[in-house]
Amino acid sequence: MIWASGWRLASAVSNAGGLGLLGSGSMYPEVLKEHIKKCKAATGKAFGVNVPLLYPDIDKHMAIIIEEKVSVVFTSAGNPKTWTKILKDNGIKVVHVVSSSKFALKAEDAGCDAVVAEGFEAGGHNGREETATMVLVPAVCKAVKVPVIAAGGIATGRQMLASMVLGAEGVQIGSRFVASDEASSHIKFKEAVINAGEGDTCLSLKQLTPVRLLKNNFFNQVQQAEQRCATIEELQQLLGKGRAKKGMFEGNMEEGELEIGQVSASIKSIQPAAAIINEIWNEFELLVQQPLK
Ligand SMILES: Cc1cc2nc3c(=O)[nH]c(=O)nc-3n(C[C@H](O)[C@H](O)[C@H](O)COP(=O)(O)O)c2cc1C
C-alpha cells in the first residue's frame, strides 16, 4: 500500500506469519532499495514487493527487485504480460491483482502463479466494473486454475473464513493494516480510519482511475467537478501532484487523497501488526472448528 507499507509494516507482517508486502508505488528506486535491505535485516521470513505496472520508473524498480532476489512480486494496474516472464525467469513468483474474471484469465495466460481477486469495496484503486468481493471471488475461482487470493472488505477471521468458503486460498488485507503501529501512514490518517463509519468512503475519480476514498474536502471538490461534467484535463489538474502523499503521509485530512476501504467502518483501534494477525488467525481457527450457524 502506497504511503503505508514500508519495511516496518512488511517485516512485522512477515514475522507474525503473514506475507508482508512493500508498497513500491510511493517509492523512488533508491528508496525501494533501502526498504528491501531494511526489510531483509528485520525479518528472516519471505516478504514481497507490490509494483503498480503503470509506475513511470518501473524498469529501475524491477532491476532492484531482481538484484535483491525478492522472492515474490505482486503486480497491479497494468498488463501482466509485460513483466511476468522476466520476473519468473529470475526465479521470482508473480501474483497479479485483478478486478474481473477476464483479467484473471489474462494473468493466468501471462504465467502468473496466483491472482488476487480484489473487490470494489477495497481501499485504493478499483476496477471499473465495480464488482464486489462476494461476487468476484467465486467467479474468478471458477475461471482460473491458479490459486486465488481474495481482497476487499476483509479485516477479521470471520471475513477470512467467508473468503475461503467462496473458494479463495488466501486473503490480502489492506485497510486493517493502515491502522497498525508499523504503517508509515500519518497518525491523523490512522485516526480517521478508526473513526470512519459506514458510508464514509466512496469510489471517486471514475473517469481517471477509479479509487476508493475517505470523504473529505478534496473528495467533495472531485464530486462537484464530476457533477458539472469536468473534462479529464480539469480533473487531472484538480488532482495535481502529490495528493496521496499530502493526505496519507503528511496528514492533511481535508486537502489530501485518503485511500481506504469500506471495511474501515469496522476497524476500531490502531494495533501492532502482530496483534492484528493473531486476532484474525484466532477468530478464523475458532470458527473453523464450530459447526456453521
Ligand atoms: C492506503 C492504501 C494504498 C494502497 N496501495 C496499493 C498499491 O500501491 N498497489 C496495489 O496493488 N494495491 C494497493 N492498495 C490495495 C491493497 O493492496 C488491498 O488490495 C486492499 O486494501 C484490500 O482491500 P481492503 O482495503 O478492504 O483490505 C492500497 C490500499 C490502501 C488502503
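Among the residues making up the range 248-292, a single one is within 11 Å of the ligand (Cβ to nearest atom) and either among the basic types (Lys, Arg) or free of Cβ contacts under 8 Å to residues at least 60 places away in the same chain (or both): Glu257. Within this structure, Gly23 fails the test of being more than 22 Å from Phe249 (Cα to Cα) and either crowded, with 24+ Cβ neighbours inside 10 Å or touching a helix residue (DSSP H, G or I) at 6+ places or on another chain (Cβ under 6 Å) (or both). Contact map, the range 101-126: residues that are under 21 Å from Leu205 (Cα atoms) and without any contact (Cβ under 8 Å) to a residue 40 or more places away in the chain paired with residues that are away from the ligand (no atom under 16 Å from the Cβ) and open to solvent by less than 50 Å² (accessible area, probe 1.4 Å), Cβ distance under 7 Å, separation 6+ or inter-chain. No pairs are found. It is to be established whether one or more residues within the range 89-103 are within 22 Å of Lys245 (Cβ to Cβ), surrounded by 15 or more Cβ atoms within 10 Å (Cβ to Cβ) and of a type in the set (A, V, I, L, M, F, W, C). Within the range 89-103 (the criterion being within 22 Å of Lys245 (Cβ to Cβ), surrounded by 15 or more Cβ atoms within 10 Å (Cβ to Cβ) and of a type in the set (A, V, I, L, M, F, W, C)), the answer is yes, since at least one residue qualifies.
Could you name every one of the helices (runs of 4 or more DSSP H) located completely within the range 1-101 that has at least 3 residues being within 15 Å of the ligand (Cβ to nearest atom) and either closer than 21 Å to Ile277 by Cα or polar (S, T, N, Q) (or both)?
7-15
The values are calculated or read from the model by the stated rules, or taken from the named source; none is laboratory data. What you see is a predicted model, and the numbers here were worked out from it, not measured in a lab. Here Cβ is always computed from backbone atoms with ideal geometry, including for glycine, and neighbour counts include all displayed protein chains. These area figures cover heavy atoms from the full protein model, side chains too; ligands, DNA and RNA do not enter into them. Shrake-Rupley method; radii C 1.70, N 1.55, O 1.52, S 1.80 Å.
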